């Protein structure tokens, strides 16, 4: 579960990125986080992954209190949250298999477990036949599917997808969204940050809209017209 | 138990990753080894040179002899026995007897062709001992001790030369230690910067590892293994080159007669200290360099 309560975040340069955000995303839920550039979406992601600490208020993510988390606990928090980025962030010199396997090794998994789990996850995202390729040999959609496999392999309770379709054409975008929906149907909490109105409307789910550091809309009634504010 | 065994199962992988990293980032690895070799060669060569120079000064120091003149009234046999007492004095390395006849022969040789000394007889000179000291800095005390031996009439010593040698030895040892320390620090900084550059090359990879929940130890170990291997490779190459270079220099010096006065010790005599210095520096540079360089990229 992700829970923000009256969260503010100010940067040292004086920018107030969040001005009192409160929201709750239940286990197994699927939610979109939308909002214009500079509205505070990235700050929310960084707070969830422990890259930042809130200036005030409380943030709870999968049992961790982010306002008082210790540095050495952060890796363990991150193992409960898989992150998918717009620019994929894959390790170019590792094969598809190794890009996924090293995440399991990072948490100390046994080789036997890795040999069982990685092919299963690659099969889930449709990359089982390309396990020996390198990221540079894959298409954009395939690279994003690989990033999803990496986020998924340690069976996290939550996946945050930050503009997962931002670099993809519409057909590949739908593919990725369908994949994320499938994963959500298996019980993983899903928070998708996006700008793409079409996508939000094609997949009617809860939409949380952030603008100027505040939640301006939170509901199941589709894309919120923040542009017209 | 589970966690421990899982971590042990990872060690093999992490070591393999470290070795793989050397080949994956071939150019940076090559640069790090080259910088290590160059820096260690400079430090090693200077250390060899200063060691040899200090040995030479030490040898030169021993050529500063003092002359102990024996009382002219002492018969030959008694003059000979004074030598036993002189040899017992602390700081005396060697006392060699020179009879008045031998002294005359030497005197005439020195003043050959000089008419003023033509009439000098052995009786005009006295028996003497040529004394070599262990440590010239204690010259004054030693002269005082020898002066108290019965039968010793006069002692002739070059205080200025002795003082000069002592000063030279002190200056040389302080200067060499200072230069070696400075060279070592500069070398470490250069090598550490090269390692940092290699780490900078991989900052994205490190950030990804952090993002997926890898612990600092998991991220660090391959880099430390890599640093260790590169450091030791650099040290081994520098050591081999130093040996070749040193032997070549000795052979070249041997060919020039006028340079025979420089008595360099063979490299075999320097083997243990050189291996220690090179291996220590290689280990320090590789492990500590990569450990500290990676720290700044871990804060994600």
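Which residues does the label zone of residue B:124 cover in the range B:78-102, counting backbone N under 20 Å from a point 7 Å along Cα→Cβ? Inside the label zone: B:98-102.
Size descriptors for the protein assembly as shown, from the alpha-carbon set: Rg then Dmax equal 40.0, 132 Å.
Neighbouring Cβ atoms from other chains, within 10 Å of the Cβ of residues in A:69-75, number 3 on average. When peptides B:141-147, B:166-172 are ranked by their average number of other Cβ atoms within 10 Å per residue, the highest-first order is B:141-147, B:166-172. Summarised as an ellipsoid, the range B:1-137 has semi-axes of 71, 22, 8 Å, derived from the eigenvalues of the Cα gyration tensor scaled by 5 and square-rooted, with the largest first.
The overall shape of the range B:65-157, judged from the alpha-carbon gyration tensor, is prolate: a/c is not under 1.5, and a/b is greater than b/c.
Checking the a/c ratio against 1.5 first, then a/b against b/c, what shape does the Cα gyration tensor give for chain B? The shape class here is prolate. In percent, how large is the relative contact order of chain B, given Cα pairs closer than 8 Å and 6 or more residues apart? It comes to 29 percent, rounded to a whole number.
The slack in the chain from residue B:149 to residue B:114, taken as 0.36 nm per residue of separation less the alpha-carbon distance, amounts to 9.0 nm. Across chain A, the relative contact order, built from alpha-carbon pairs under 8 Å that are at least six residues apart, equals 28 percent. Estimated from the Cβ-Cβ distance and a Förster radius of 35 angstrom, the FRET efficiency linking residue B:132 and residue B:284 is about 0.25.
For the pair the range A:105-159 / the range A:180-215, the C-alpha centres are spaced 23 Å from each other. Computed on the Cα trace of the range B:146-285, the radius of gyration divided by the Kirkwood hydrodynamic radius gives Rg/Rh = 1.25. Based only on other Cβ atoms within 10 Å, what is the fewest-to-most ordering of A:200, B:68? Starting with the residue having the fewest Cβ neighbours, the order is A:200, B:68. Computed from label points 7 Å out along Cα-Cβ, the spacing between residue A:56 and residue B:67 is 9.7 nm. Once both labels are positioned 7 Å from their Cα atoms along Cα-to-Cβ, the gap between residue B:250 and residue B:189 label points is 3.5 nm. I need the shape label for the range B:6-72. Rule: rounded when a/c is under 1.5, else prolate if a/b > b/c, else oblate, with a, b, c from the alpha carbon gyration tensor. Cα axes put the range B:6-72 in the oblate bin. Taking other C-beta atoms within 10 angstrom as a stand-in for reagent exposure, B:230, A:174 fall in the order A:174, B:230, fewest first.
Here, the range A:91-155 yields an orientationally averaged convex hull projection of 3.8 nm² when only Cα atoms define the hull. Every helix of 4 or more DSSP H residues in the protein assembly as shown counts as -39500 (n - 2.57), and over all residues that averages to -17500 deg cm²/dmol at 222 nm. Length, then width, then depth: along the principal axes, the Cα atoms of the range A:102-217 run 48, 28, 24 Å. Each of A:112, B:203 was scored by other Cβ atoms within 10 Å of its Cβ. Listed from fewest to most, they are A:112, B:203. Label separation (residue B:23 vs residue A:68): 5.1 nm, computed from points 7 Å beyond Cα along the C-beta direction. Quick check: Cα centre of the range B:12-31 to Cα centre of the range B:127-202, how many Å? Centre-to-centre (Cα) distance: 45 Å. Gyration tensor over the Cα atoms of chain A: the corresponding equivalent ellipsoid has semi-axes (square roots of 5 times the eigenvalues, largest first) of 29, 21, 15 Å. The average projected area of the range A:9-122, computed from the convex hull of its Cα atoms over all directions, is 9.3 nm². Packing-based ranking of B:150-158, A:122-130 yields A:122-130, B:150-158, ordered from highest to lowest mean Cβ neighbour count within 10 Å.
Within the protein assembly as shown, what percent of beta bridges assigned by DSSP are antiparallel, to the nearest 5?
Antiparallel bridges: around 65 percent, rounded to the nearest 5.
Computed from Cα atoms, the angle from the helix A:96-106 axis to the main principal axis of chain A rounds to 70 degrees. Compute the angle between helix A:111-124 and the longest alpha-carbon principal axis of chain A, please, reported from 0 to 90 degrees and rounded to the nearest 10. So the inclination is approximately 70 degrees.
What average count of beta carbons from other chains do you get within 10 Å of the Cβ of residues in A:104-111?
Values: counts 1, 8, 9, 7, 11, 3, 5, 4.
Mean number of neighbouring Cβ atoms from other chains: 6.
Between residue B:298 and residue B:197, what FRET efficiency comes out of the Förster formula 1/(1 + (r/R0)^6) with R0 = 22 Å and r the beta carbon distance, rounded to 0.05? The computed FRET efficiency comes out at 0.85. Could you grab the relative contact order for the range B:65-157? Cα pairs under 8 Å, six or more apart, rounded to a whole percent. That works out to 51 percent.
Calculate how steeply helix A:140-152 sits against the longest principal axis of the alpha-carbon atoms of chain A, using the helix alpha-carbon long axis, and give the answer as 0 to 90 degrees to the nearest 10. It works out to around 80 degrees.
Only the coordinates and a few stated rules stand behind these numbers; no lab work does. What you see is a predicted model, and the numbers here were worked out from it, not measured in a lab. Cβ coordinates were reconstructed from backbone atoms using ideal geometry, including for glycine residues, and neighbour counts include every protein chain displayed.
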